[in-house]
Amino acid sequence: MPRRTDSEYLAYVEGRIAGLRRAAYLFCGDSHAADDVVQETLTKLYSRWPGITQVENLDAYVHTMLVRVFLDERRRGWWKVALLDWLPERAAGPATDRAEDRSVIRTALLTLPPRQRAVVVLRYLFDLPVNEVAQILGCSPGTVKSQCSHGLDRLRQTFDQTALTVPDRS
Amino acid sequence: MTQEYRDMTEEDRIVRILRQLPDEPPAPSTVDVARTMVEGRRRRRARRWSAGVGLAAVTAIAAGGGTAAVSAMRETAPVPVPAATPVASRSSEPVKTPTGCRVALLPTGDITKALVTSGDPTGRYLAGRVYPPGRKVHTVLWKDGVLQPRPAMPGADASFEDINSAGLAVGTSFDGDRQQAYASTAETTTRLKGGRAVAAAVNDKGVIAGTLGEPHFGGVPTRWPSLTAAPVKLPLPAGFIGGDAGAIAEDGTIAGTVQRTGKEGTGYLWLPDGSGRLMPPPTFKDGSKATHFWPESIIDGVVLGRGIRDGGDGSRSFESFRYRIATGKYERLPIELFPPAIGAANGWVLGTTNGYAPVVVSGEEVVQLPKYKGMTEYVVSAFSADGKSGAGYTTDTTDAEPVANRPLRWTCS
């Protein structure tokens with residue numbers, strides 16, 4: 001089905017914008033920065049919308065674009081954009097309630113290098129298969145696996161230091 | 001229990017903790033879909049037109065709301081294009097803006113995707129990297145626009161961050177997820193001493209500035225007196241736990257950031273006499289005080305960078321400044337430049353606008369540099385000390401490539 005009119009673009013965006021904001025928020029850890037990434041992703045998408053019928057898997061294509069905009073924004077920041085900008089204060093001791101737990105988890109996730117963070121988010125929070133993450137990141141499946149392993153190992157160290165526990169299954 | 005089973009359950013435990021994280025952004029959406037269409041149409045037009053008629057692509061877009069999301073999409077001001085003929089034809093007058101600027105694609109063999117990541121003060125040397133399809137990214141070096149043989153840097157994702165007038169390049173690559181710093185001459189590649197580190201800058205005396213440890217996360221600003229010397233940690237002011245050294249001047253002055261525990265970095269200068277100085281937050285155009293200053297480059301007693309101001313609603317705004325070390329005074333640049341803003345000795349500043357256009361700022365004038373084949377998004381990475389030669393690359397999304405990087409060099413008369 002051709003997807004090239006403005007109304008089709010608006011319909012597509014309406015159906016996907018919440019998901020894109022969620023993904024960008026997990027990447028960035030800050031809702032304003034996340035919205036910047038979504039804004040730029042959608043702008044790029046619209047600029048190419050007339051030719052979009054050639055794209056087979058539009059969602060994967062847009063996810064790829066989102067990740068690359070996120071990584072590009074990080075790169076643009078160069079050395080003076082401290083990633084700590086958007087971090088809440090690091091928890092000093094064991095977490096005592098669920099809100100604090102979430103702060104520790106988000107802080108831990110944001111300490112991963114941006115590319116590794118994108119891999120972990122896509123693989124474990126979006127449940128994408130290794131091959132699809134590799135395609136989105138433009139790297140080999142082996143790299144995705146090793147980045148996942150490094151990322152989880154680093155998260156494990158933080159979680160263990162702050163005595164975070166596995167929630168009960170409900 | 002097998003090792004594989006133990007690994008799987010450990011992975012499962014971490015993932016289950018991770019999944020407690022709510023993914024819903026806490027603030028209401030600031031994404032403006034209508035603006036994606038306005039800006040998207042503008043980019044379509046810009047792609048169709050040739051490089052020489054891209055003026056409409058920098059027409060100011062009507063102002064939208066006050067959020068960072070919207071302001072990031074807005075041109076700060078209409079930007080003049082350079083005169084078709086040099087304005088300096090009246091030879092008795094000093095040249096006040098760059099004229100006769102041209103853009104050229106740097107050679108990369110048969111590899112299309114490539115970046116320029118740094119350049120030397122003379123404009124003769126440029127360093128970058130290329131992305132050969134199906135092979136590892138690797139660093140490259142150009143002299144007078146011609147590719148030079150240069151030994152590869154060990155490790156993955158290598159990048160040259162700076163190069164001096166003798167062709168000594170410094171940079172960083174990854175060993176796993178840890179960065180290691182290297183210095184590269186025509187004959188050798190030397191890993192800098194001190195272990196995990198990044199090298200950010202080198203001056204013509206061969207003094208290298210960077211960070212020992214992990215940059216941005218408690219690493220220590222560091223100076224290597226030479227490529228074979230032991231690292232010398234730069235002193236931190238009381239109450240600060242780390243930082244990053246990002247730029248070094250010919251007199252040895254180093255600009256970077258220092259940070260307190262859990263806080264973001266703010267600008268700091270390490271002066272040749274051994275003293276140091278926090279760079280105060282500059283004052284924004286509306287009279288409000290910035291919360292920080294982040295230096296981006298240094299030349300001849302001048303630091304270029306951005307003031308950062310946090311709004312009460314979580315938004316963040318930026319203005320670009322020139323900081324004069326001798327007086328400790330800031331001068332606001334006429335537009336906000338995306339980092340890095342790179343200075344020349346004559347006061348010109350190379351940067352990109354909010355709309356990603358490459359420009360040179362001279363006094364209050366903003367001169368747009370020519371675009372390459374109608375491409376619209378640029379990052380700049382090098383500016384010669386005389387202001388006559390700059391370099392950078394494109395980051396457009398094209399029909400064929402999600403990020404179409406082309407290495408470019410601008411020359412002006």
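B:R324 exposes around 90 Å² of accessible area when a 1.4 Å probe is run over every protein chain in place. Shielding value for A:17-29 is 3, the average number of Cβ atoms from other chains within 10 Å of each residue's Cβ. Remark on the range A:111-158: accessible area falls by at least 30 square angstrom from chain-alone to full-complex state for A:Y124, A:L125, A:H150, A:L152, A:R154, A:R156, probe 1.4 angstrom.
For B:K388, no residue whose modelled amide H falls within less than 5 Å of its own remains once neighbours fewer than 5 places apart on the same chain are excluded. With semi-axes defined as the square roots of five times the eigenvalues of the C-alpha gyration tensor, the equivalent ellipsoid of the range B:101-411 measures 28, 25, 18 Å, largest first. Between chain B and chain A, roughly 6600 Å² of accessible surface gets buried, counting both sides and using a 1.4 Å probe.
Among the residues of A:44-51, the average count of other protein chain beta-carbon atoms within 10 Å of the residue beta-carbon is 6. Counted by Cβ distance under 11 Å from B:G123, the other residues give a net charge of +1, where Lys and Arg count +1 and Asp and Glu count -1. Straight distance only, please: which lysines reach the Cα of B:K113 with their own Cα at less than 26 Å, same-chain residues fewer than 8 apart left out? Answer for B:K113, where 26 Å is the Cα cut-off: A:K44, A:K80, A:K145, B:K136, B:K143, B:K371, B:K373, B:K388, listed by chain and number. Per-residue surface analysis assigns A:E8 an accessible area of about 60 Å², computed on protein heavy atoms at 1.4 Å probe radius.
Largest first, the residues B:S159, A:S146 sort by 1.4 Å accessible area into A:S146, B:S159. Interface residues of the range B:325-343, defined as a loss of at least 20 Å² in heavy-atom accessible area between the chain alone and the complex of all protein chains with a 1.4 Å probe, are B:F338, B:P339, B:P340. The residues B:T397, B:T283, sorted by heavy-atom accessible surface at 1.4 Å with ligands and nucleic acids left out, run B:T283, B:T397 from largest to smallest. The heavy atoms of B:H292 present about 30 square angstrom of accessible area, all protein chains included, probe 1.4 Å.
The values are calculated or read from the model by the stated rules, or taken from the named source; none is laboratory data. Everything numeric in this text was worked out from a predicted model, so none of it was measured. As a convention, Cβ positions derive from the backbone with ideal geometry for all residues, glycine included, and neighbour counts pool all protein chains shown. In case anyone asks, the SASA skips ligands and DNA or RNA and just uses the protein heavy atoms, side chains included. Shrake-Rupley method; radii C 1.70, N 1.55, O 1.52, S 1.80 Å.
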